[in-house]
1. Direction-averaged shadow area of the convex hull around the Cα atoms of region 217-283, nm²?
2. Which length gain, in nm to one decimal place, applies between HIS271 and THR236 when the Cα-Cα distance is subtracted from 0.36 nm times their residue separation?
3. Report the extension gain between ARG282 and ALA69 in nm, rounded to one decimal, defined as 0.36 nm multiplied by the number of residues separating them, less their alpha carbon distance.
4. Can you give the FRET efficiency for SER154 and LEU1, using 1/(1 + (r/R0)^6), R0 = 35 Å, r = Cβ-Cβ distance, to the nearest 0.05?
5. Apply 1/(1 + (r/R0)^6) to the Cβ-Cβ distance of ALA300 and GLU113, taking R0 = 41 Å, and write down the FRET efficiency to the nearest 0.05.
6. Go ahead and collect, in residue order, the members of region 276-304 whose backbone nitrogen is under 18 Å from a label point 7 Å along the Cα-Cβ direction of PHE169.
7. Averaging over all projection directions, find the projected area of the Cα convex hull of region 177-307 and quote it in nm² with one decimal place.
8. Give me the mean projected area, in nm² to one decimal, of the convex hull enclosing the Cα positions of region 251-299.
Amino acid sequence: LREHVSPLVEAPVTSYAPERAWRPPDAPASFNNSWYAVAFSSELQDAAPYATRLFGEPLALTRHPAGGAVRCAGPDSLAAGYEVVEHQGLVWVWRGDPASADHRMLPTHPTPEATHAVETILDYGCDWKYIVENNLDTPHLYWLHDGSIPPIESLGCNRANIGSIGLRFFADDVGVGHIGKTSKKVTKVVRYDAPNVVRHGGVSGFSEEFNIVPLGPHRTRVLLRQRFPKGPILSTLLRVPGTAPMLQYLVRNWNYQIGLEDYCVMQGQAHNIDDFGAPNWRATSSGDDLIVRFWRWVAAAREADGATSEYFVRWDGARVFAACDFFPARVSSFCRWDGSRVDEAAAAAAAQPLSAAAAPSHADASLTTEEEMSSLAERYTTAVPVAQYPPINHALYSRQQTLANLFERVGDAMPQVGVASAVGAAGGLVTAAGAATHANSEGMSSLLVAAADLANGVFTLPA
């Protein structure tokens with residue numbers, strides 16, 4: 001019976017996180033033969049090229065205007081296209097022989113329609129590995145963030161409760177991680193899906209996935225997606241005009257704040273390790289076993305791939321040239337994945353931003369002003385993708401606090417104008433802000449100024 005049935009069915013996948021994917025049994029650690037999310041589907045416009053990078057190699061994504069399919073190509077005429085697929089709101093690139101791309105390995109949420117997703121993009125000026133480590137480190141929520149935003153505060157993640165953390169290691173069919181309870185006895189799951197994805201979740205049905213995209217040395221983009229279960233309350237609220245943009249604004253703003261708090265720590269960590277030669281760990285404490293496993297996985301993957309670094313190396317071991325100021329000068333040997341040398345002039349031209357790359361690419365990126373971008377270091381604005389988002393472009397977060405202050409004024413004003421009026425005013429402001437993401441940055445700035453003036457004139461502030 002087993003011999004007859006086995007070819008007809010697939011074995012169930014054991015997964016502690018909602019997203020699951022088939023993994024080859026006993027697959028060796030490797031940066032190859034894996035799917036990498038490189039963009040949100042919402043970032044691509046019909047027929048307009050979207051420029052990005054993966055491990056230093058320039059890539060161009062284009063959606064066919066007729067069929068909707070996305071194709072991906074490298075930087076020069078010798079480039080062979082990558083296998084690319086849009087799946088559940090993300091654009092995935094197969095880093096390996098296109099003929100061997102296995103769609104069973106795409107991370108898949110079983111019921112995405114039962115959740116409300118919020119997408120956030122974060123740009124970091126540090127290596128991707130420190131961001132993976134950061135998101136695997138549960139105790140740092142207590143030490144570093146210390147209840148700094150409402151969701152973390154509600155879980156009791158503050159320094160006073162650091163002694164109440166309980167973590168247990170697990171390995172399921174997709175990755176490895178920790179399961180434990182916060183000081184509020186809320187179950188929390190953290191899982192590492194090699195090579196570059198970290199997932200958080202719990203029994204509430206809320207989950208978040210960090211697709212940590214290695215653009216190049218010292219440049220990382222995080223595609224963060226958080227899913228909220230559509231229970232009766234949220235489903236009802238989402239029918240109210242203004243609820244969805246309000247939730248998006250709040251969640252993204254919280255993510256920006258957490259990213260800024262993490263960023264300085266990760267930069268200091270990278271400086272000590274990369275520049276001064278400090279070890280990744282000398283002694284360990286609660287939760288560090290998962291981080292040690294990650295760094296050992298990186299070392300094993302490099303050894304298996306026959307490379308001292310994962311950057312500028314194609315899936316078959318050949319090297320890639322990438323002419324760009326933010327790449328270290330010490331990287332000097334480059335050729336394509338098929339062994340052919342890359343024409344340096346062509347690669348240099350390909351390294352420049354495509355015409356569409358300088359334009360806003362994702363929702364609130366349209367709030368980025370030319371003045372803010374000109375204040376960033378040149379390496380963040382001349383190499384694609386442009387670092388439009390916090391924490392690198394922290395001005396975007398700072399300016400959004402103008403709107404955050406309006407929420408505080410709404411809250412302070414509730415006794416004077418009533419709860420319904422205050423909530424309605426907040427929803428109206430955020431709805432307008434969400435609609436303005438399709439306008440130019442100058443128009444959005446005017447809206448914020450007008451909204452601030454309105455709030456100052458309408459709401460009575462405490463002495």
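1. Details: hull surface 27.9 nm².
For the Cα atoms of region 217-283, the hull's average projected area reads 7.0 nm².
2. Numbers: separation 35, 0.36 × 35 = 12.60 nm, distance 4.82 nm.
Gain on stretching HIS271 to THR236: 7.8 nm.
3. Details: separation 213, 0.36 × 213 = 76.68 nm, distance 4.83 nm.
Gain on stretching ARG282 to ALA69: 71.8 nm.
4. Working: r = 51 Å, r/R0 = 1.45.
It comes to 0.10.
5. Efficiency computed from Cβ-Cβ geometry: 0.60.
6. 280-301
7. Mean shadow area of the hull around the Cα atoms is 10.5 nm².
8. Details: hull surface 18.4 nm².
If you wrap the Cα atoms of region 251-299 in a convex hull and average its projections, you get 4.6 nm².
The numbers here are math on the coordinates, done by the rules we state, and not lab data. This is a predicted model, so every value here is computed, not measured. Because the Cβ atoms are built from the backbone with ideal geometry, glycine has one as well, and the counts that use them run over all protein chains shown.
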